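The next block holds one structure in the form of structure tokens; read it before the comments.
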Amino acid sequence: NWAQDAGIYEFTMGVDGSTVKGRYSFVYVLEDGEWKISHHHSSVMPEGVLPTAITKEEVRDLFQLWNGALATLDSSKVAARYSKEAVLLPTVSDLPRTSPDLITDYFDSFLQKMPQGEILKGDIIIGTNWAQDAGVYEFTMGVDGSKVKGRYSFVYVFEDGEWKISHHHSSVMPEAYLAAGPAEPAEAVVEEEEELMAFADA
């Protein structure tokens with residue numbers, strides 16, 4: 001008066017067409033003349049949540065994927081390197097870029113300078129399905145050959161089978177402005193604004 005069915009099933013969500021696969025077990029019992037579910041267990045597929053191995057060299061190579069997207073001069077390809085809920089904190093934009101459209105908009109401007117980046121130094125930390133690379137990079141602007149150095153931090157996450165940028169923060173090097181001191185505040189501010197604007201369309 002009982003039966004068991006165990007295996008793998010998949011749900012299709014009518015609201016958006018997404019699919020979710022899982023493991024299941026049902027135990028049925030005959031109760032009051034009807035077969036009823038006595039036990040039902042459902043769980044995610046475990047291999048999808050197991051740690052995905054990545055080395056420090058491979059983490060650094062993720063920057064080259066992003067840099068390669070810059071070289072296409074296609075803002076949509078650059079934005080595609082970011083995760084679904086990524087946050088981009090650009091060098092000279094007050095607006096946090098928290099959606100694919102906002103990230104694309106930022107690179108629409110930056111790519112006009114034909115930038116190519118190079119990591120000068122950085123430190124990498126690896127966690128379970130995430131990695132961080134933070135340090136100093138430099139961009140060479142193909143449009144005029146100018147160079148802009150900045151600090152960076154990338155946090156990568158493993159999403160839908162790919163490593164994507166979840167967080168990207170870029171900022172100018174601060175010591176050049178601090179070293180100027182208070183003696184010539186107006187000139188320092190003008191110089192800072194000029195350098196920031198040079199990166200701005202960054």
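Numbers at a glance
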quantity: Efficiency of FRET between ASP108 and GLU85 - r from beta-carbon atoms, R0 22 angstrom, step 0.05; calculated: 0.60
quantity: Point-charge dipole on Cβ atoms (K/R +1, D/E -1) for region 103-177, about Cα centre, debye to 20; calculated: 260
quantity: Within region 115-154: backbone nitrogen closer than 16 Å to the THR55 label point (7 Å, Cα to C-beta); calculated: 124-126
quantity: Nearest-0.05 FRET efficiency for SER42 and LEU65, computed from C-beta distance (R0 41 Å); calculated: 0.70
quantity: Taking the chain and dividing mean pair separation by its residue count, relative contact order in percent (alpha carbons under 8 Å, at least six apart); calculated: 16
quantity: Solvent accessible area, Å² - ILE119, 1.4 Å probe, full protein context; calculated: 30
quantity: Proximal lysines relative to LYS21, as straight alpha-carbon distance under 26 Å, when same-chain residues fewer than 8 apart are discounted; calculated: LYS36, LYS84, LYS164
quantity: Estimated 222 nm signal from helices in the chain, with DSSP H stretches of n ≥ 4 weighted -39500 (n - 2.57), rounded to 500; calculated: -7500 deg cm²/dmol
quantity: For the chain, built as a Gaussian network whose Cα springs stay under 10 Å, the top-fluctuating residue of GLY161, GLY14, GLY142; calculated: GLY14
quantity: Extended-chain gain in nm, criterion 0.36 nm per residue less alpha-carbon gap, SER25 and VAL143; calculated: 36.3 nm
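The values are calculated or read from the model by the stated rules, or taken from the named source; none is laboratory data. All figures in this text were calculated on a predicted structure; none of them were measured in a lab. Please note: Cβ atoms are built from the backbone with ideal geometry, for glycine as well, and neighbour counts cover all protein chains shown. Only protein heavy atoms, including side chains, enter the accessible area calculation; ligands, DNA and RNA are left aside. Shrake-Rupley method; radii C 1.70, N 1.55, O 1.52, S 1.80 Å.
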